[in-house]
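Please read the structure below before turning to the comments.
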Amino acid sequence: MGRNDPGAGQENFPVVLTNTSGRTCTLHGYPGAAFVGASGGRLGADPGRTPGTPVTVTLRPGQSAWAGLTFSNPEVSGARSATPAGLLVTPPDERDPLRAAWPGGPIPVSGTASSVRLTVLSPGTGP
């Protein structure tokens, strides 16, 4: 998880996937994501996908790709909120999620149209 880049009531986090293997890999599309509580249960709906055109990102060892995770701050939107312990991230075409600690405080889990969205993967570590 990258650092929040908030703006106008929006919370914006880069979700970064880094190739830690010794060989080149490719990613194409969107990662999967789900917020979880301390006991591992899911919090809220899985993030939706922001419309975009997926590209194939080639990662040599040590290189990264990122997807933007964005939502309206629950204090601003009035949505019912919860504070996750982590974010499960599943790389495209994989089945096993990776768990990242969630540094971002409360997320919207229901109530208003303050849904959580993900962008397609791009090369690098964020905007």
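The values are calculated or read from the model by the stated rules, or taken from the named source; none is laboratory data. All values derive from a computational prediction rather than experimental measurement. Ideal geometry is used to build each Cβ from the backbone, glycine not excepted, and the neighbour counts take in all protein chains shown. Side chains included, ligands, DNA and RNA excluded: accessible areas come from the protein's heavy atoms. Shrake-Rupley method; radii C 1.70, N 1.55, O 1.52, S 1.80 Å.
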Residue match in segment 48-59 (condition: under 17 Å from S122 (Cβ atoms), part of a loop (DSSP other than H, G, I, E, B) and touching a Leu at 6+ places or on another chain (Cβ under 6 Å)): no
One residue is enough: does segment 57-69 have a residue meeting the conditions within 13 Å of F35 (Cα to Cα) and in contact (Cβ under 8 Å) with a residue 24 or more places away in the chain? yes
Counted residues in segment 41-54 being β-branched (V, I, T) and exposed (fewer than 14 other Cβ atoms within 10 Å of the Cβ) come to 1
Review point. Looking at segment 82-95, is at least one residue surrounded by fewer than 19 Cβ atoms within 10 Å (Cβ to Cβ), of a type in the set (S, T, Y) and assigned to a strand (DSSP E or B)?
Key: yes
When (1) farther than 15 Å from P123 by Cα; (2) open to solvent by 40 Å² or more (accessible area, probe 1.4 Å) are applied to A34, the one that fails is (2)
